[in-house]
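Only one structure is covered here, and it is reproduced in the block below.
The values are calculated or read from the model by the stated rules, or taken from the named source; none is laboratory data. Predicted, not measured: the structure shown is a model, and the values here were computed from it. Cβ coordinates were reconstructed from backbone atoms using ideal geometry, including for glycine residues, and neighbour counts include every protein chain displayed.
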Amino acid sequence: MPFVDKCRLLIKAGDGGDGIVSWRREAHVPLGGPAGGNGGNGGNIYFIGDHNETSLETLNYYKKIIAKNGENGGIKNMYGANAEDLIVKVPLGTVVINDDTNKIIADITLENQKYLIASGGLGGHGNAHFKSGFNKAPTLYEKGELGETFNARLELKELADVGLIGLPNAGKSTLISKLTNATPKIANYQFTTLVPILGSFDYNDQKIIIADIPGLIEDASEGVGLGHEFLKHIERCKILLHVVSLSLDDNEDIIASVNTIFNELKKYNLDLIKKKIIIIANKLDLEIENYQLNKLREMFSNYEIIPISCTTGEGIEKLKEIIYNEYLKIKLTQESVIDNTIIKEFTRHKNKDEELSKSIEIVKINDHTYDIKCEYLKYWSHRIPINTPDNLIRFNQKMKSTNLFNELREIGANIGDVIKIYGIELEYEE
């Protein structure tokens, strides 16, 4: 399957089913009363982290995720069935962003953790729900709520414990093949690795995942080469191994080579440079170049520098031990802190309308016609069909709960003028 680490989707949770108006009509029951049932709830959309998923290719192919609607209510006070929730498996490391608002909805880093992405709409009430001592035969009923709908942007940031960074030809691909079970393509030219390569090794019964991050060259943070596409994968890593070649053929100025990578990390995200970084001096077998190692130690004395040879295997086992020890240190500090704040806890809101703004915007179309904009009235214009006397009265009450009529008077609206509210046309009257 091709590696896809970003995609855009239409997300549409299920609409609630409509309530209905119905009457109980049975022999020997002369006063049967209202019997319209409630609609079922629309399906929610959840994403669940799954380590078996490695790419966003499938979601990128489908382009949309749509949950089913709840069923409408029925006669004899029968409730419509709730729609099943839609559960979508995504790779660990997936970030879900509302593309319309640019807000993060979920950062999926936990195995089998369900994240609510979009809430299904509540089912509408049938007329049996509205029966009371005051109104024993109501013609009141509601349509179901609309499910949440938005355009989503998904970005996959690999969940590796260790990231290999460095200029092309530093030997990262060879190193990951020596450390882990990965089998990357290895050759002596730039950008041999075109996607992040994941591998793992076990040390003292601890599995450690390593990623070879491709495409880092000067100005990678500005989009040059492949770096801008893959720098984001480094953000997840606990440890960064900065691989640098000791060969003069690869690095005429080894200090500049190291600083090039450090500068790109800083420009992309200052937090990256604060991670645990170990400099891996590769190609130790080239003894004639050993003075390069001394230059590194002199200039970067604040960093741990590990000389290795991927060709002979010298230093590889020691490097595994160092990685393991550093991994344990970081894991112990993070183990007790699991940040679930991004998880959107789900409760069905019985008074969802109370969260909506009642502020009014009036657009004058002509001397006798006004278009009304209001989040609260938009919600109720969908929920309350204006096709029964009781529903018309109820919608009028919703309008009176806002400042609509006062604002119409202030701009000079007259009795009989037309007010338009999201497809509903009414005559203005006090």
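Output the residues belonging to segment 1-21 that are in a loop (DSSP other than H, G, I, E, B) and modelled with pLDDT of 95 or more. Even if it seems obvious, please write down each step before you answer.
Looking only at segment 1-21, we keep the residues that are in a loop (DSSP other than H, G, I, E, B), and these are 1-5, 13-21.
Once the filter is applied, which keeps residues that are in a loop (DSSP other than H, G, I, E, B) and modelled with pLDDT of 95 or more, segment 1-21 yields A13, G14, D15, G16, G17, D18, G19, I20, V21.
Does G16 fit the bill of being farther than 24 Å from V90 by Cα, touching a residue at least 12 places away in the same chain (Cβ under 8 Å) and in the same structural domain as K131 (by TED's automatic domain parsing)?
Numbers: farther than 24 Å from V90 by Cα: yes; touching a residue at least 12 places away in the same chain (Cβ under 8 Å): yes; in the same structural domain as K131 (by TED's automatic domain parsing): yes.
Yes; evaluated as a whole, the condition is true for this residue.
For segment 20-35, indicate whether the set of residues that are closer than 21 Å to S119 by Cβ, surrounded by fewer than 24 Cβ atoms within 10 Å (Cβ to Cβ) and in the same structural domain as N98 (by TED's automatic domain parsing) is non-empty.
First, the residues of segment 20-35 that are closer than 21 Å to S119 by Cβ: none.
No: segment 20-35 contains no residue that is closer than 21 Å to S119 by Cβ, surrounded by fewer than 24 Cβ atoms within 10 Å (Cβ to Cβ) and in the same structural domain as N98 (by TED's automatic domain parsing).
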Query raised in the report: List pairs: first in segment 31-55 and over 27 Å from G144 (Cα atoms), second small (G, A, S) and surrounded by fewer than 24 Cβ atoms within 10 Å (Cβ to Cβ), Cβ under 9 Å, 6+ apart or cross-chain?
Result: G49/G93
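So which residues in segment 393-402 are hydrophobic (A, V, I, L, M, F, W, C) and surrounded by fewer than 16 Cβ atoms within 10 Å (Cβ to Cβ), if there are any at all?
First, the residues of segment 393-402 that are hydrophobic (A, V, I, L, M, F, W, C): 393, 395, 399.
Selection gives I393 alone.
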Query raised in the report: Mind checking which residues of segment 79-99 are at pLDDT below 90 and over 12 Å from I48 (Cα atoms)?
Result: none
Query raised in the report: Is it the case that G49 is touching a Gly at 6+ places or on another chain (Cβ under 6 Å) and either more than 24 Å from L198 (Cα to Cα) or buried (at least 21 other Cβ atoms within 10 Å of the Cβ) (or both)?
Result: no
Query raised in the report: How many of the residues making up segment 281-310 are without any contact (Cβ under 8 Å) to a residue 60 or more places away in the chain, within 17 Å of S173 (Cα to Cα) and not in a strand (DSSP E or B)?
Result: 2
**Report entry** Residue satisfying condition, being under 30 Å from G19 (Cβ atoms) and either within 20 Å of the chain's Cα centre (by Cα) or among the β-branched types (V, I, T) (or both), within set K131, K103, K114, K143
**Finding:** K114
Report task. Have a look at D107, D99 and point out the one that is farther than 21 Å from L159 by Cβ and among the charged types (D, E, K, R). Result -> D99
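Is there a residue being β-branched (V, I, T) and exposed (fewer than 15 other Cβ atoms within 10 Å of the Cβ) anywhere in segment 299-313?
Let us first name the residues in segment 299-313 that are β-branched (V, I, T), namely 305-306, 308, 311-312.
Checking which are exposed (fewer than 15 other Cβ atoms within 10 Å of the Cβ) leaves us with 311-312.
Looking through segment 299-313, at least one residue is β-branched (V, I, T) and exposed (fewer than 15 other Cβ atoms within 10 Å of the Cβ).
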